[in-house]
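Readers should treat all values here as calculations from the given coordinates under stated rules, not as data from a laboratory. On a predicted model such as this, the values are computed, not experimentally measured, just so you know. Heads up, the Cβs are rebuilt from the backbone with ideal geometry, glycines too, and the neighbour counts pull from every protein chain shown.
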Amino acid sequence: MKLIEIAKFTDHVAEVSAFYRNLLGVDPVAESPDMAIFMNGDTKIFIHKLYEQGAEDLPPENHIAFAVEDVDQTCSKLQAHGLTVEIPPKDYYWGRSAYLRDPDGQLIEITKSQ
């Protein structure tokens, strides 16, 4: 597994984006009023506007994402080790991902390597 993303959800996208611009000393690689994406090496820092979660939406929660070759196979292995996959593997517009939580309740994304 390789850490590829740190996602932060906020009502203050412009302010958080300005903070990371100053912290990292770089401009975002993509930016809109609702989001900003910074790259730090191979790791994406994804700042996203908070939203009201609908029935089909992913939870708008801060999370980290790990890339793997095969999401389904990785989830099977994790479940065999006693971990619970909260949102099973599914295809999204960015690729195939699944979600689980660490013992502190933090959301973890498992996503297909690009």
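Sort out for me the Cα centre separation of the stretch 25-62 from the stretch 75-94, rounded to whole Å.
First find each Cα centre; the distance between them is then 22 Å.
Quick one: dipole size for the stretch 34-96, taken about the Cα centre, charges +1 on Lys/Arg Cβ and -1 on Asp/Glu Cβ, in debye to the nearest 20.
On the way: 5 positive and 11 negative charges, 34 e Å.
It works out to roughly 160 debye.
Excluding residues on the same chain fewer than 8 positions from Lys77, give the lysines whose Cα lies under 30 Å from its Cα.
Within the straight-line cut-off, Lys77 pairs with Lys2, Lys8, Lys44, Lys90, Lys112.
Specify the angular offset, from 0 to 90 degrees and rounded to the nearest 10, of the alpha carbon long axis of helix 71-80 from the longest principal axis of the alpha carbons in the chain.
Approximately 60 degrees, to the nearest 10.
When the helices in the chain are scored as -39500 (n - 2.57) per DSSP H run of 4 or longer and the sum is shared across all residues, what 222 nm value do you end up with, to the nearest 500 deg cm²/dmol?
Only helices count here, giving -6000 deg cm²/dmol.
Over the chain, what is the percentage of antiparallel beta bridges among all DSSP beta bridges, to the nearest 5?
Counting DSSP beta bridges with both partners in the chain, the antiparallel share is about 65 percent.
Would you mind working out the magnitude of the charge dipole of the stretch 2-112 relative to its Cα centre, with +1 at each Lys and Arg C-beta and -1 at each Asp and Glu C-beta, to the nearest 20 Debye? Working shown, then result.
Numbers: 10 positive and 19 negative charges, 59 e Å.
Roughly 280 debye, rounded to the nearest 20.
In terms of Cα to Cα distance under 12 Å, which aspartates and glutamates are near enough to Lys49, apart from those fewer than 8 places away along the same chain?
Counting by Cα, and skipping residues close in sequence, Lys49 has these aspartates and glutamates nearby: Asp11, Glu15, Glu31, Asp34, Glu61.
So what's the angle, to the nearest 10 degrees on a 0 to 90 scale, between helix 13-24 and the longest Cα principal axis of the chain?
90 degrees
Quick one: order Ile87, Ile37 by neighbouring beta-carbon count within 10 Å, fewest to most.
On the way: Ile87 15, Ile37 18.
Lowest count first: Ile87, Ile37.
Using C-alpha positions alone, give me the convex hull volume of the stretch 2-112 per residue in cubic angstrom.
Convex hull volume per residue, Cα atoms: 115 Å³.
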